[in-house]
Amino acid sequence: MDGKVKKQKPHQQKHSGPKAEKKKLKKQNGSTEEDERKRNPKAFAVQSAVRMAKTFHRAQDIKTKKHHVPVVDRTPLEPPPIVIVVVGPPKVGKSTLIRCLIKNFTRQKLTDICGPVTIVSGKKRRLTFMECNNDINSMIDLAKVADLVLMLIDASFGFEMETFEFLNICQVHGFPRIMGVLTHLDAFKNNKTLRKTKKNLKHRFWTEVYQGAKLFYLSGMVYGEYQNQEVKNLGRFISVMKFRPLVWQTSHPYVLADRIEDLTDPERLRTDPKCDRTVSLYGYLRGTHLKNKGQVHIPGVGDFQMSDVNFLPDPCPLPGTLKKRALNEKERLLYAPMAGVGGVVYDKDAVYIDLPANHVKQLQEEVRPTTELVQSLIETHVTLDAKMAASKVSLFSGSAGLDPTDISEQSGVQEGLREIHVWDPHTQTQRRKVVFTGDEEEENDVSGSSSDEDDDGSDSDQENQEEDDDLSTFLKEARAKSEKATRGSPPPVKKPKLEEMKGEKEVVTEAPAFADSEDELEKSEADSEGEGEAERAGDSGHCSKESEEDSEEEEEEEDGDDESMEEEIGADDSDEEEEQGTLKWKEGLQQKASAAFLRHQEAAPNLRKLVYGSVVEAEDSEEEEEEELGGLFRVNRPQKSKRVQANALDCSHFNPDISHNWDLEEMLNSIRDCFVTGQWEEGQDAATLLKEDEELYGDFEDLETGKVHKGVTGEQDQAEKSESDEDEADDEDQQVKMDDEEVQKNKRLEKKRRLKERFDTEYDDGDATYFDDLKEEMQKQAELNRAEFEDMDDESRVQYEGFRPGMYVRLEISSLPCEFVTNFDPHYPIIIGGLGTSEGNVGYLQMRLKKHRWYERILKTRDPLILSLGWRRFQTIPLYHIEDHNGRHRLLKYTPQHMHCGASIWGPITPQGTGFLAVQSVSGVKANFRIAATGVILDLDKSVTIVKKLKLIGYPYKIFQNTCFIKGMFNTVLEVAKFEGASIRTVSGIRGQIKKALSTPPGAFRATFEDRLLMSDIVFLRSWYPVSIPQLYNPITSLLLPVGQKDMWSGMRTVGQLKHDLGVRNKPSIDSLYKPITRAPRHFNPLHIPKELQKALPFKSKPKLLQPKGKVPRDLKRASVIREPHERKVAELLRALSTVHHHKKKVAQRAHHAKHKEFLQQKEKDEEAKIKRMKDARKKLYRIMGQKDQKKQRSSLKGTPQDD
């Protein structure tokens, strides 16, 4: 091998032969699983019943896990925008992310995010972005209305407490869809640390939300914005996400206000500035239907009655129902009145033009698609005489015309310098900023003229720019005005043309001038239809072709998922449309041909203009000019006479005569031979040539109709070829008849198959389950709901069902506090939540409550607590209790540590099953976790009686055997009479009962016990005392506080806070203080046993009458022995000898042990050697025995063939 790799021969696919025919047949018919089962049944047989059962069970488990409880789809045809709340700690990138998403969807930049920002993100979806600031009031309110939560997490810092607080708020009020977004990833320099951090944050996020929750990574920032591709991916997920309806949101109407207007009488404001205000609030209605004159609650303000409700035209409408891939630039709407974006504001009886001076002109241009007509009217800077000068009016025939550059110099002050009022948030003042348009033209030439387009001819000159702008919309007007554009007019700023807008309904938009194929013609027709539909949908429909193509290319991927879903749903419809569309290009050939010819004529160069440099203008344009200037002068122009015009006509252009009626047979016969099917010469007739081709080429298939034409084979005899024409005609008729019969037969078979399928679906259950039946029932209900009021107009429909979700409504509320208007801050959400019939009342509520495991302190009964329940945030005083086994509700002083307990409050009536959360304070930012408890509403009445334990103490003052007189427990005879028969106890555990009251002293009574009491015993009575629930309902009015102090609301303080603030210290009870316990020794009487009882007792239990032992007499005591000196010496010598003997004995014993140890070691070595020898001998023996067996086996093998 010389090192070269041998190139493998590519596979040659067969195009003929049995295998290729088989493949073609397979493609046409489509191989079904039944055919394969019939052909090879063993391959589809069950190999293992256990494995098949496991596979089946697993498939069913996976299928069942995806099931949700079916809910009736109540979403309207035009749903309201999806509320996307961006949540996170401070300085984590919330505003930047909203800005990038808005730029991704609308190609527009927003400087300040104030209030809700509504955009159109797709053909069927709108989004409302709302930023949640670091205030627990805003977090609670926005969690109730959010459809999707974008939770921003600073990866370089880790999770912060606000993230977990908001997650717990969402869990209580209905969990919306939550997507995590990691920011500040560019702070990591080490990839390994970055991966580890991502993994840890992701798994912790999954623990809090659910396993597999989506977590996005925004890796870094480029020029103060996130990377385009990452923002686009996030936008794609948002635009295709599905949402499950939440119970509270679907059962209550609510409006997230995006505009507020004070309607109070100015005269009343002048006389009384602190009077209550009448305010109208605007926004999209969400949830369920809203009735007029209903009761609503504004979180942070209070409960109010609506005085009037109206629906208005949608300020941010969805685009028309066009079958196209993406939105064009005119349909990328942005509506954010609180942020100062949105030119036209529709009210009940007027239309307001809102042009705030503190916004840059570029922002106004960015929102032009919604207010194109009004913007063009306002931006008219040129007066009537300036317009006349621009149209080259000359007073005398020989005089020079007025130069338009003079006008441009006059208006150059406005074009070159612009003064813009910008609000400076640092100094809180309006500053006057100068913007130079000349400097901006160098950076983005086209963006100065149109903020919607980013490219397409930024370096082109004035003439090309004017022609490019006008060519795609109105070709004739561009040709007529091309001469004016070349005479030094200033660079055109792309403003909406009033003439075009007026004539749009009359003039049909032409197809592209240079259409090289019929596909382009069809495309141009589709574009013109699309513009008409866009106009009907509320847009002007004026959009250049370049911008449409750009928007389609950029949004093609974004709407890809939506398109794929729509294509799956409507696959059957598209198949039928394709069958009809195969012959669509044949329709209207005459009109298409004439239109294409006219376009080519107009697109051809004008020879007179090329040679002489002047063109004869059309008559109607002349009349227009005369009408425009007829009020001043009538100029005599000899070059406009008819004779000069006739000589000046361009002869290279052919004006077709359209007076021919091509429906007449004579006109058709006159040009019949000009086509392929006609008779060109005597010997060249199309019919005869076609027959010759059939004989020459044989069979062919018409690819359009699918009809197979059979030809004459070459193997036929010459005699058959020379048969008469009549026989051939008969054969052809017979062939056509057979083909028709076959087609009819196939149709009948197809009809039978469809009928059988319909019968099977009606009478055979098949794989249908209870879940499928339930879903079908819900679907039918949803269709019935939609069809009920479908034919009514909105005015009458509102009278019956109320204002439906998706409408843009105007709510007028009177008697709002003046602080709501004067202290208005757009960064805080204004939610108008509708209340049910009984939800406006206040009463007793029974709840199940549990202290949050992350809250450090336990909660104390009668300490004020702030609850978020339903739409409301309010302060109340709860009583905690627990139910005993006998049904008694016992008052608790503190909440249990890891257990639920009951709670009773005085608050607004809310439906059962509604979740709530509790915080102890909403002012400022605490260092620890702020959510104190969570729970749910159980009951709405006062049926639960909470009781507390009451111990009454008494002392015996007379004792008669088991009967005692007790005093100090009661004060009057009446109290004793109420407690007759009650059980009492002593501290030592002796039980008793109250019998009767005594006359003196008052409150004393007689009681019996099961044993005799002592005078030192204490008697107590355990009773239960009912506790009344304190009636405190204090709504939180955080929106009424001044700007900058809305997170400083403080209500009632706890007793501990009051004592701490006032410096009050508790004076302890004397009885509660610790004292030294002095107990006197007690003397008990000797045990006395009666003699009769002693006789009956056994001997060991009888008292023994033993006399005490006396002293031992002196003579019985043993005397002490005193040794003599000799005896002491003998005793010491014996002790010394015994010590020496013991020592020698120990030494000998130690030596014996050592010797024995050596002996044992030697014995162990001998044993090992012996075992080794025996092992070797055994091996040798086995080896010899094995050799003998092998020899014997070999000899037996050698001897077998000889014996045979």
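The values are calculated or read from the model by the stated rules, or taken from the named source; none is laboratory data. As the structure is a prediction and not an experimental result, all values here were calculated from the model. Note: ideal-geometry Cβ built from the backbone for every residue, glycine included; neighbour counts use all protein chains shown. To get the accessible areas, we keep the full protein, side chains included, count just its heavy atoms, and leave off ligands, DNA and RNA. Shrake-Rupley method; radii C 1.70, N 1.55, O 1.52, S 1.80 Å.
Among (1) outside any loop (DSSP other than H, G, I, E, B); (2) open to solvent by less than 20 Å² (accessible area, probe 1.4 Å); (3) more than 15 Å from GLY840 (Cβ to Cβ), which single condition is GLY320 missing?
All conditions pass for GLY320, except number (1).
Is at least one residue of the range 18-31 of a type in the set (Ser, Thr, Tyr), surrounded by 11 or more Cβ atoms within 10 Å (Cβ to Cβ) and over 30 Å from GLU131 (Cα atoms)?
Among the residues of the range 18-31, at least one is of a type in the set (Ser, Thr, Tyr), surrounded by 11 or more Cβ atoms within 10 Å (Cβ to Cβ) and over 30 Å from GLU131 (Cα atoms), which makes the answer yes.
Would a scan of the range 1087-1100 turn up a residue that is in a loop (DSSP other than H, G, I, E, B), out of contact with any Gly (no Cβ under 7 Å at 6 or more places or on another chain), open to solvent by 100 Å² or more (accessible area, probe 1.4 Å) and closer than 30 Å to SER1016 by Cβ?
Within the range 1087-1100, one or more residues are in a loop (DSSP other than H, G, I, E, B), out of contact with any Gly (no Cβ under 7 Å at 6 or more places or on another chain), open to solvent by 100 Å² or more (accessible area, probe 1.4 Å) and closer than 30 Å to SER1016 by Cβ.
Just to be sure before I move on: is ARG177 among the charged types (D, E, K, R), under 27 Å from VAL71 (Cα atoms) and buried (at least 19 other Cβ atoms within 10 Å of the Cβ) in the structure I sent?
Here the answer is yes, as ARG177 does meet what is asked.
Okay, residues lined up against (1) over 30 Å from LEU774 (Cα atoms); (2) in contact (Cβ under 8 Å) with a residue 12 or more places away in the chain; (3) more than 28 Å from the chain's Cα centre (by Cα):
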| residue | (1), (2), (3) |
| --- | --- |
| ARG39 | yes, no, yes |
| PHE44 | yes, no, yes |
| GLN47 | yes, no, yes |
| ILE62 | no, no, no |
| HIS67 | no, yes, no |
| PRO70 | no, yes, no |
| ARG74 | no, yes, no |
| LEU77 | no, yes, no |
| PRO81 | no, yes, no |
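Being surrounded by 10 or more Cβ atoms within 10 Å (Cβ to Cβ), among the β-branched types (Val, Ile, Thr) and over 60 Å from the mean Cα position of the chain (by Cα) narrows it down to one of VAL1112, VAL1130, so name that one.
From the options VAL1112, VAL1130, the qualifying one is VAL1130.
State yes or no: is ALA918 under 30 Å from ASP135 (Cβ atoms) and buried (at least 17 other Cβ atoms within 10 Å of the Cβ)?
yes
Residues that are under 30 Å from THR250 (Cα atoms): find the strands (runs of 3 or more DSSP E) completely inside the range 834-929 holding 1 or more of those.
Those strands (runs of 3 or more DSSP E) span 842-851, 865-869, 872-876, 901-908, 915-919.
If TRP854 meets every condition in (1) within 32 Å of the chain's Cα centre (by Cα); (2) aromatic (Phe, Trp, Tyr); (3) closer than 28 Å to LEU290 by Cβ apart from one, which number is that one?
Going through the list (1) within 32 Å of the chain's Cα centre (by Cα); (2) aromatic (Phe, Trp, Tyr); (3) closer than 28 Å to LEU290 by Cβ, TRP854 breaks only (3).
Being of a type in the set (Gly, Ala, Ser) and either touching a Leu at 6+ places or on another chain (Cβ under 9 Å) or surrounded by 10 or more Cβ atoms within 10 Å (Cβ to Cβ) (or both) narrows it down to one of ALA1177, ALA1119, so name that one.
Matching residue, one of ALA1177, ALA1119: ALA1177.
Here are ARG1082, ARG1006, ARG1022: which of them is in contact (Cβ under 8 Å) with a residue 12 or more places away in the chain, surrounded by fewer than 15 Cβ atoms within 10 Å (Cβ to Cβ) and farther than 22 Å from ILE140 by Cβ?
Answer to the selection: ARG1022.
Return the residues of the range 873-891 that are among the hydrophobic types (A, V, I, L, M, F, W, C), under 29 Å from TRP1049 (Cα atoms) and touching a strand residue (DSSP E or B) at 6+ places or on another chain (Cβ under 6 Å); say none if nothing qualifies.
PHE874, LEU879
Has the range 867-888 got any residue that is touching a residue at least 40 places away in the same chain (Cβ under 8 Å), farther than 30 Å from ILE830 by Cβ, surrounded by fewer than 15 Cβ atoms within 10 Å (Cβ to Cβ) and charged (D, E, K, R)?
There is at least one residue in the range 867-888 that is touching a residue at least 40 places away in the same chain (Cβ under 8 Å), farther than 30 Å from ILE830 by Cβ, surrounded by fewer than 15 Cβ atoms within 10 Å (Cβ to Cβ) and charged (D, E, K, R).
I need a count of the residues in the range 1025-1062 that are open to solvent by 80 Å² or more (accessible area, probe 1.4 Å) and without any contact (Cβ under 8 Å) to a residue 60 or more places away in the chain.
Counting residues in the range 1025-1062 that are open to solvent by 80 Å² or more (accessible area, probe 1.4 Å) and without any contact (Cβ under 8 Å) to a residue 60 or more places away in the chain gives 6.
Would you check if there is a residue in the range 959-978 being aliphatic (A, V, I, L, M), touching a Leu at 6+ places or on another chain (Cβ under 8 Å) and surrounded by fewer than 15 Cβ atoms within 10 Å (Cβ to Cβ)?
The answer is no, given that none of the residues of the range 959-978 is aliphatic (A, V, I, L, M), touching a Leu at 6+ places or on another chain (Cβ under 8 Å) and surrounded by fewer than 15 Cβ atoms within 10 Å (Cβ to Cβ).
Return yes or no: is ILE953 in a strand (DSSP E or B), open to solvent by 40 Å² or more (accessible area, probe 1.4 Å) and either under 30 Å from PRO90 (Cα atoms) or hydrophobic (A, V, I, L, M, F, W, C) (or both)?
So ILE953 fits the description; yes.
Within the range 230-263, restricting attention to residues that are in a loop (DSSP other than H, G, I, E, B) and open to solvent by less than 40 Å² (accessible area, probe 1.4 Å), which residue is farthest from GLU819 (Cα to Cα)?
MET241
Can you find, within the range 788-829, the residue that is most open to solvent (accessible area, probe 1.4 Å) among those that are outside any helix (DSSP H, G or I) and closer than 14 Å to LYS1046 by Cα?
Residue satisfying both the conditions and the ranking: HIS827.
So THR861 clears everything in (1) under 29 Å from PRO317 (Cα atoms); (2) without any contact (Cβ under 8 Å) to a residue 40 or more places away in the chain; (3) surrounded by 14 or more Cβ atoms within 10 Å (Cβ to Cβ) except one condition, right? Which one?
Single failed check for THR861: (1).
Anything in the range 930-946 that is under 33 Å from the mean Cα position of the chain (by Cα), over 25 Å from SER251 (Cα atoms) and charged (D, E, K, R)? List them, or say none.
ARG930
Just to be sure, is VAL1147 over 60 Å from the mean Cα position of the chain (by Cα) and assigned to a loop (DSSP other than H, G, I, E, B)?
So VAL1147 fails the test.
Could you list, in sequence order, the residues of the range 847-858 that are surrounded by 21 or more Cβ atoms within 10 Å (Cβ to Cβ) and either of a type in the set (Phe, Trp, Tyr) or within 25 Å of ASP303 (Cβ to Cβ) (or both)?
MET847, LEU849
Can you say whether GLY989 is farther than 24 Å from THR1054 by Cα, open to solvent by less than 70 Å² (accessible area, probe 1.4 Å) and out of contact with any Phe, Trp or Tyr (no Cβ under 9 Å at 6 or more places or on another chain), as far as the supplied structure shows?
The answer is yes for GLY989.
Any chance the range 81-100 includes a residue that's of a type in the set (D, E, K, R), under 28 Å from GLN227 (Cβ atoms) and either touching a Lys or Arg at 6+ places or on another chain (Cβ under 9 Å) or open to solvent by less than 10 Å² (accessible area, probe 1.4 Å) (or both)?
Checking the range 81-100: at least one residue is of a type in the set (D, E, K, R), under 28 Å from GLN227 (Cβ atoms) and either touching a Lys or Arg at 6+ places or on another chain (Cβ under 9 Å) or open to solvent by less than 10 Å² (accessible area, probe 1.4 Å) (or both).
Output the residues belonging to the range 187-203 that are open to solvent by 80 Å² or more (accessible area, probe 1.4 Å), charged (D, E, K, R) and either touching a helix residue (DSSP H, G or I) at 6+ places or on another chain (Cβ under 6 Å) or assigned to a helix (DSSP H, G or I) (or both).
Within the range 187-203, LYS192, ARG195, LYS196, LYS199 meet the criteria.
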